[in-house]
Each structure stands twice: as structure tokens, then as C-alpha cells.
Amino acid sequence: MKLENRKILIVGASSGIAAEAAFQIADRGNMIGLVARREDKLEQVSKGLSCRGCKALHWAADATDPAEMTRVFREANEAMRGLEVVWVNAGQGPDMSIADCSASDLTSMIRLNYEVLVNCLVPAIECLRKSGGGQIVHTNSLAGLLGIPRQGPYGAAKAAAKHLMDTARAELEPENLRFTSLFPGFVATERIANDGLPKPHQISVETAARKSLAAIEAEKRNACFPLAATSLVGALKALPQPVRNPLLRRILPSSGSLPNRPPT
Ligand SMILES: NC(=O)c1ccc[n+]([C@@H]2O[C@H](COP(=O)([O-])OP(=O)(O)OC[C@H]3O[C@@H](n4cnc5c(N)ncnc54)[C@H](OP(=O)(O)O)[C@@H]3O)[C@@H](O)[C@H]2O)c1
């Protein structure tokens, strides 16, 4: 379904892939609700969208807080008179090697990349069910499909999120709820620009936004991109671990003296 004249709520819309995607569909009569923690960034995106003729609203809120998300979804559903598409995009994948991490570093990834989805999924399902259906989109990652060095804690949380989206789809498709999981490879966003992690087959934010929007409009269940990174992950997955693991270590060598990077 075309993203035209639609009511879309995006959680994690102050920067990166989803902010760019919002700009790409700003002149198509959509009403876009933006959610993230940094209010100044949200205001910038909101103003930019309004300048392009888009009706934009925003809520500054932390998606790791379930009560906050319940409130935001209630307010957005009311202000936008019924949501049609909910895109849960918030998440972060810092460079983290398991041996350098504390237990709380590891569980922080579950909070940022799995609990955020749960906190949005519950009120999203409630809102969309009431209005007879809709689409729920989640930004996952190719790192959720294969254990990648320096992305392990993040990838594990995204793998759990994939499992949840797959189950939600199996349960709720008959109620006209459609679920789309996006699996980008590395994307050249500002937040990870200088983190020192090698990023094979990295794509631009503009390309990632365009591919995300195409997958959402096609209502794909799962969309992996770009092809080169998807193929690399597929090929590595097919190999037995004794062959795959040395290759993985060569593609993403240990960070050596680089400090562990906790999420911001
Ligand atoms: N960049 C990549 O290489 C890559 C690859 C595969 C998948 N992804 C996924 O793509 C998604 C978007 O990331 P991005 O690369 O576009 O980077 P980004 O610019 O950091 O975007 C992340 C967005 O999520 C928001 N966010 C983060 N934590 C939040 C929280 N607790 N509550 C509310 N909002 C929160 C951020 O805004 P605030 O900081 O203002 O809250 C920001 O708007 C993430 O789920 C990421 O895991 C990224």
C-alpha cells in the first residue's frame, strides 16, 4: 500500500534512517507522528517536514519506558485520529565485544533493542485492532540473523525481536494486522560514523530509507538489504562454524585496544 495520505507513527525518528524516510514521504499528504528522546532534533525534523507540506507532530519520550509508550500511543492515536502504520525504528548497535562487556552492558542491549519493541508493540496492536487493522514495522538488522563479532549483544536482542515479530504475525494476520521486519546491513548514520567498526557493504542513509519505504509499501514480511551484505550473511550462515568463525574474525577483527563503547 502506497505511503500516501496515511497516518504514520514512527518511534525513533529524530535522526538516521527513519528521519530520512520521513523526509522522503513528506510531500505525499501523509500525517507523520515522530517519537524519540531528543526534543531539539525532533523539532528540527518536524519543522523540516512541515516546510514540505507534511502535517507533523512529535512526542519526546523514552521508548524503554512502557508507561511512556502507552501514553504516547494513546495521545498519538487521538491526535492523529487513528493510526494506520506504526514503525518501531528505535534501537542502537554500538561496537561491543563480549569479553569487554559487563553483564549490565549486555542486558542494556536487550532494553534498547528488544524491550523497546515490546513497549511499542503492545499499545500499537491495541490501537490498530480498534481501527480494524494496520501495519507494524520494525527495524531489525542483518546482525539479528547471524552472530557477528563485536555485534553480539545487539544481534542477540534483534534476534529476539525477530522471533516476537514472527509470532505476532502468525497470531494476528487474520485480524488484518500486517508485520514488516526490516533487516538492513551497515548504514552510514552519524551515530556510528566514527566507532571504529569495519562496515563491509555499507550503504547510505538515503538508500536505507528508500529501501525501507519500498519494503513497507510492498508490505513485505521480511526485507533484507543491501543484496551484497545479505548474500554475505547468507553464505556465512550456510558454512559450518569451524569454517565460518575464522572468516568472521577476519571480516570483523577484534577491536584490540579500542575501548568498549557503551550505548548513549
Ligand atoms: N546504522 C546501521 O548500520 C544500522 C544497521 C542495521 C540496523 N540498524 C537499526 O536501524 C535503526 C535506526 O538506527 P539508525 O542507524 O538510523 O541510527 P540513529 O540515527 O541513532 O537512529 C535511532 C533513532 O532511535 C531513537 N532512539 C534510540 N533510543 C531510543 C529510546 N530509548 N527511546 C526513543 N527513541 C530512541 C534515536 O533518537 P533519540 O536518540 O533522540 O532518542 C533515533 O531517532 C535502529 O533500530 C538500528 O538498530 C542500523
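The values are calculated or read from the model by the stated rules, or taken from the named source; none is laboratory data. Bear in mind that the values here come from a model prediction, so they are computed numbers and not experimental data. Because the Cβ atoms are built from the backbone with ideal geometry, glycine has one as well, and the counts that use them run over all protein chains shown.
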Selection from segment 50-69 of residues that are away from the ligand (no atom under 14 Å from the Cβ) and assigned to a helix (DSSP H, G or I): SER50, CYS51
Residue that is modelled with the highest pLDDT, among those in segment 219-264 that are loosely packed, with under 11 Cβ neighbours inside 10 Å and part of a loop (DSSP other than H, G, I, E, B): PRO240
Flag for ASP62 being out of contact with any strand residue (DSSP E or B) (no Cβ under 6 Å at 6 or more places or on another chain), under 27 Å from LYS162 (Cβ atoms) and surrounded by fewer than 20 Cβ atoms within 10 Å (Cβ to Cβ): yes
SER108 fails exactly one of (1) small (Gly, Ala, Ser); (2) more than 12 Å from the ligand (Cβ to nearest atom); (3) surrounded by 15 or more Cβ atoms within 10 Å (Cβ to Cβ), namely (2)
Go through (1) in contact with a strand residue (DSSP E or B) (Cβ under 7 Å, 6 or more places away or on another chain); (2) more than 30 Å from ARG249 (Cβ to Cβ); (3) assigned to a helix (DSSP H, G or I) one by one and return the number of the condition PHE73 breaks. (1)
Reported set for segment 154-202 where residues are assigned to a loop (DSSP other than H, G, I, E, B) and in contact with a strand residue (DSSP E or B) (Cβ under 9 Å, 6 or more places away or on another chain) is ASN176, GLY185, PHE186, ALA188, LEU197, LYS199, GLN202
Can you tell me which residue within segment 104-149, out of those that are modelled with pLDDT of 95 or more and charged (D, E, K, R), is farthest from ASP166 (Cα to Cα)? ARG111
In segment 183-215, residue farthest from the chain's Cα centre (by Cα) [restricted to those that are among the hydroxyl-bearing types (Ser, Thr, Tyr) and within 11 Å of the ligand (Cβ to nearest atom)]: SER204
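Rundown of residues vs (1) in contact (Cβ under 8 Å) with a residue 12 or more places away in the chain; (2) near the ligand (Cβ under 10 Å from one of its atoms), yes/no style:
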residue: LEU117; (1), (2): yes, yes
residue: VAL137; (1), (2): yes, no
residue: TYR154; (1), (2): yes, yes
residue: THR167; (1), (2): no, no
residue: SER181; (1), (2): yes, no
If I ask for residues that are part of a loop (DSSP other than H, G, I, E, B) and small (Gly, Ala, Ser), which ones from segment 129-153 would you list? SER131, GLY132, GLY133, SER141, GLY147
Which one of the conditions (1) surrounded by fewer than 23 Cβ atoms within 10 Å (Cβ to Cβ); (2) more than 13 Å from the ligand (Cβ to nearest atom); (3) in contact (Cβ under 8 Å) with a residue 12 or more places away in the chain does ILE148 fail to meet, given that it meets all the rest? (2)
Take the residues in segment 70-105 that are of a type in the set (D, E, K, R) and either crowded, with 22+ Cβ neighbours inside 10 Å or in contact with a Gly (Cβ under 7 Å, 6 or more places away or on another chain) (or both), then tell me which one is farthest from ALA21 (Cα to Cα). ASP95
Where the second residue is within 14 Å of the ligand (Cβ to nearest atom) and in a loop (DSSP other than H, G, I, E, B) and the first is in contact (Cβ under 8 Å) with a residue 60 or more places away in the chain and lies in segment 48-69, which pairs have Cβ atoms under 6 Å and are six or more apart or on separate chains? none
